[in-house]
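Reviewing the structure listed below.
The values are calculated or read from the model by the stated rules, or taken from the named source; none is laboratory data. Please read all numbers here as calculations on a predicted model, not as lab measurements. Here the Cβ positions follow ideal geometry from the backbone for every residue, glycine too, while neighbour counts run over all protein chains shown.
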């Protein structure tokens, strides 16, 4: 896969393979979900992953990127998500960094189970799903850096997925 760079209207700002891992930068658009997912799958195609593992990786990627865009970013801002995807023995590791609102998904409350369709609430199930599908999760709140005007992430989430 060659280095790719697209204009800011699309979801993918850039994509490159660096030291055997995929590094992508996603814009603050819903197109980023699909553009990033496609880049990830292209990169991982040589890994010959089982369908179930590939689907697990897609769900985790889509859930975390969409949550950041929908809930962590200011609409129409130039905020971005930087994602590193690194195959390791028995594992694919994601590192998501963003400059959105500070949010530790590991502290999110699990929604109560509903007993009837009338009491069911929409949303809140994505993070518990990501937790169940992951081998490990680690969140770090990063210190604000005033010296980096282009990208100063405040959230880092590392997710390991067993293959």
Check: Scanning the stretch 12-34 for residues that are touching a strand residue (DSSP E or B) at 6+ places or on another chain (Cβ under 6 Å) and within 16 Å of residue 73 (Cβ to Cβ), which turns out surrounded by the most Cβ atoms within 10 Å (Cβ to Cβ)?
Finding: 26
Checklist line | Options 56, 75: the member that is at pLDDT below 95 and not in a strand (DSSP E or B) | finding: 75
Note to self: Please verify whether residue 54 is buried (at least 16 other Cβ atoms within 10 Å of the Cβ) and free of Cβ contacts under 8 Å to residues at least 24 places away in the same chain, treating the condition exactly as stated.
What the structure shows: yes
Check: Taking residue 66, is it in contact with a helix residue (DSSP H, G or I) (Cβ under 6 Å, 6 or more places away or on another chain) and within 30 Å of residue 145 (Cβ to Cβ)?
Finding: yes
Notebook entry, point to check: Among the residues of the stretch 35-52, is any over 24 Å from residue 17 (Cβ atoms) and at pLDDT 95 or above?
Noted result: yes
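In the set 97, 62, 140, which member is modelled with pLDDT of 95 or more, surrounded by fewer than 18 Cβ atoms within 10 Å (Cβ to Cβ) and assigned to a strand (DSSP E or B)? Steps first, answer last, please.
Values: 97 fails: surrounded by fewer than 18 Cβ atoms within 10 Å (Cβ to Cβ); 62 fails: assigned to a strand (DSSP E or B).
After ruling out the rest, the residue left standing is 140.
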Notebook entry, point to check: How many residues does the stretch 80-94 hold that are outside any strand (DSSP E or B) and in contact with a strand residue (DSSP E or B) (Cβ under 9 Å, 6 or more places away or on another chain)?
Noted result: 2
Check: Yes or no: residue 113 at pLDDT below 95, within 22 Å of residue 143 (Cβ to Cβ), over 16 Å from the mean Cα position of the chain (by Cα) and surrounded by fewer than 17 Cβ atoms within 10 Å (Cβ to Cβ)?
Finding: no
